[in-house]
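What follows is a single structure, written as structure tokens, with notes after it.
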Amino acid sequence: MALVTLRQVLDEAQKGGYGVGGFNVNNMEQIQGIMEAARETNSPVILQASRGARKYANDKFLYHLMLAANEIYPNIPIVLHQDHGSKEACLSAVDLGYTSVMIDGSLLEDGKTPSPFEYNVQVTKEVVAYAHARGVSVEGELGCIGGVEDGHGMGDGASDFLTDPDQAVEFVKQTGVDALAVAIGTSHGVYKFTRKPDGEVLFMDRIVEIHKRLPNTHLVMHGSSSVPQELQDLINQYGGKIKQTWGVPVEEIQKGIQHGVRKVNVDTDTRLAITGAIRKYMSEHPEAFDPRDYLKPARELVQQVIAARMRAFGQSGHAGDYTPISA
Ligand code: G3H
Ligand code: 13P
Ligand code: ZN
């Protein structure tokens, strides 16, 4: 068994100067595609489930699919991580056996309204106390990442919700989180930017400033899908209607990794790969009706896209860096 905590993985990533993708999963094919990419590139893996994913797949199904990955790939260290948890979701993830949780205290319980700093500190501290007592790592968030945090879609411009570097120092000191998600202008989902992002919409300088003040805190970039043009084209070529959009260029993520980013969250790119591959297959095989026929190319394209990210983030070749927590 090679389950590891987020702390272990990010500490090793810091030593090695690389980043590690946090890849969202909802079903078997996504997990298989990501695990095959990890085998191909010899990478450690962070499998992460949102509250929506746990609800969609059912807690037990999803957890046991991830455990199956752990059994099937004994040489790949795997973090089982709760993505964007409420306090309740984090505690239940710890109880289920996840090795890491993200408490998203940047919003109130309604999951929409930006929370006061004191609220965020308090709820994060409570989760840290519960998780750390059970050997589980915690990621916190300060500032508002667009998209999921509805009504505060950053994309092109608004900077009011960016992470304040001085507050970040205070937040880490008061909460004791293992990793900190920072808001730097990215947003979740496919529509992030209406042009290739530059320093006016993607605030990489914030990362540099925060890292200067918190050199030993692992920083996390959310909303970091690159939304490749070729996946947009693939979907649209086969009947899709994705409007022209730009994601976070891989070279910007690499700059972040040079300045303390250790975890890079990617979900949308996997979704685009699956949709593109299925659309292509369906269009070329209108007679097809066996789901295995179109899910297989979808899984293969997930592997291809994720393997490219693993190489770009630098985690490839590092599967051997870790000591499993159960050893
Ligand atoms: O944080 C956003 C992730 O892409 C998860 O999205 O809540 O639709 O599963 P979801
Ligand atoms: P994307 O929508 O850019 O893939 O971001 C995913 C994410 O941040 C999950 O927490
Ligand atoms: Zn996120």
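Is it the case that the stretch 308-317 has a residue that's within 19 Å of ALA37 (Cβ to Cβ), open to solvent by 60 Å² or more (accessible area, probe 1.4 Å), away from ligand 1 (no atom under 16 Å from the Cβ) and of a type in the set (Lys, Arg)? Talk me through it step by step, then tell me what you get.
Kept after step one, since they are within 19 Å of ALA37 (Cβ to Cβ), are these residues of the stretch 308-317: 308-317.
Next, only the ones that are open to solvent by 60 Å² or more (accessible area, probe 1.4 Å) stay: 311.
Applying the additional criterion that residues be away from ligand 1 (no atom under 16 Å from the Cβ) yields 311.
Pick out the ones that are also of a type in the set (Lys, Arg) and you get 311.
Within the stretch 308-317, one or more residues are within 19 Å of ALA37 (Cβ to Cβ), open to solvent by 60 Å² or more (accessible area, probe 1.4 Å), away from ligand 1 (no atom under 16 Å from the Cβ) and of a type in the set (Lys, Arg).
Output the qualifying pairs, or none if there are none: Cβ atoms under 7 angstrom, residues six or more apart or on different chains, first residue in the stretch 44-61 and among the β-branched types (Val, Ile, Thr), second residue modelled with pLDDT of 95 or more and within 11 Å of ligand 2 (Cβ to nearest atom). Final answer for the pair search is ILE46/GLY21; ILE46/GLY22; ILE46/PHE23; ILE46/HIS81; ILE46/LYS263. When ARG279 is tested against (1) touching a Phe, Trp or Tyr at 6+ places or on another chain (Cβ under 6 Å); (2) not in a helix (DSSP H, G or I), just one condition goes unmet, and that condition is (2). Taking the criterion of being in contact with a helix residue (DSSP H, G or I) (Cβ under 7 Å, 6 or more places away or on another chain) and free of Cβ contacts under 8 Å to residues at least 40 places away in the same chain, the residues of the stretch 294-318 that qualify are TYR294, PRO297.
Close contacts from the stretch 64-92, counting a first residue that is of a type in the set (Lys, Arg) and a second that is open to solvent by 50 Å² or more (accessible area, probe 1.4 Å), with Cβ to Cβ under 9 Å and a gap of 6+ residues or different chains, come to LYS87/GLU109; LYS87/GLU126; LYS87/TYR130. Taken over the stretch 243-271, the residue count meeting the criterion of being within 16 Å of ligand 1 (Cβ to nearest atom), in contact with a Leu (Cβ under 8 Å, 6 or more places away or on another chain) and either open to solvent by 10 Å² or more (accessible area, probe 1.4 Å) or not in a helix (DSSP H, G or I) (or both) is 2. Checking the stated criteria, LYS15 turns out to be away from ligand 2 (no atom under 16 Å from the Cβ) and either within 26 Å of ALA183 (Cβ to Cβ) or modelled with pLDDT of 95 or more (or both). Within the stretch 223-240, residues that are under 16 Å from ALA298 (Cβ atoms) and among the small types (Gly, Ala, Ser) have Cβ atoms under 9 Å from residues that are within 16 Å of ligand 1 (Cβ to nearest atom) and open to solvent by 20 Å² or more (accessible area, probe 1.4 Å) in these pairs: GLY240/THR275, counting only partners at least 6 apart in sequence or on another chain.
Restricting the stretch 279-318 to residues that are more than 16 Å from the chain's Cα centre (by Cα) and of a type in the set (Phe, Trp, Tyr), the residue that is farthest from SER224 (Cα to Cα) is PHE289.
Going through the stretch 266-282 one residue at a time, which ones are within 8 Å of ligand 2 (Cβ to nearest atom) and either under 13 Å from LEU295 (Cβ atoms) or of a type outside the set (A, V, I, L, M) (or both)? Give the steps one after another, and end with the answer.
First pass over the stretch 266-282, keeping only residues within 8 Å of ligand 2 (Cβ to nearest atom): 266-271.
Listed by number, the residues that qualify are ASP267, THR268, ASP269, THR270, ARG271.
Residues that are part of a loop (DSSP other than H, G, I, E, B), of a type in the set (A, V, I, L, M, F, W, C) and modelled with pLDDT of 95 or more within the stretch 190-201 comprise just one, VAL190.
Condition first: open to solvent by 40 Å² or more (accessible area, probe 1.4 Å) and either of a type outside the set (Lys, Arg) or within 18 Å of ALA307 (Cβ to Cβ) (or both). Now tell me which residues in the stretch 30-59 satisfy that. Even if it seems obvious, please write down each step before you answer.
Here is the first cut: in the stretch 30-59, the ones open to solvent by 40 Å² or more (accessible area, probe 1.4 Å) are 32, 36, 39-40, 42, 51-52, 55-56, 58-59.
Selection gives GLN32, GLU36, ARG39, GLU40, ASN42, GLY52, TYR56, ASN58, ASP59.
The values are calculated or read from the model by the stated rules, or taken from the named source; none is laboratory data. Since this is a predicted model, take the numbers as computed values, not measurements. Heads up, the Cβs are rebuilt from the backbone with ideal geometry, glycines too, and the neighbour counts pull from every protein chain shown. Only protein heavy atoms, including side chains, enter the accessible area calculation; ligands, DNA and RNA are left aside. Shrake-Rupley method; radii C 1.70, N 1.55, O 1.52, S 1.80 Å.
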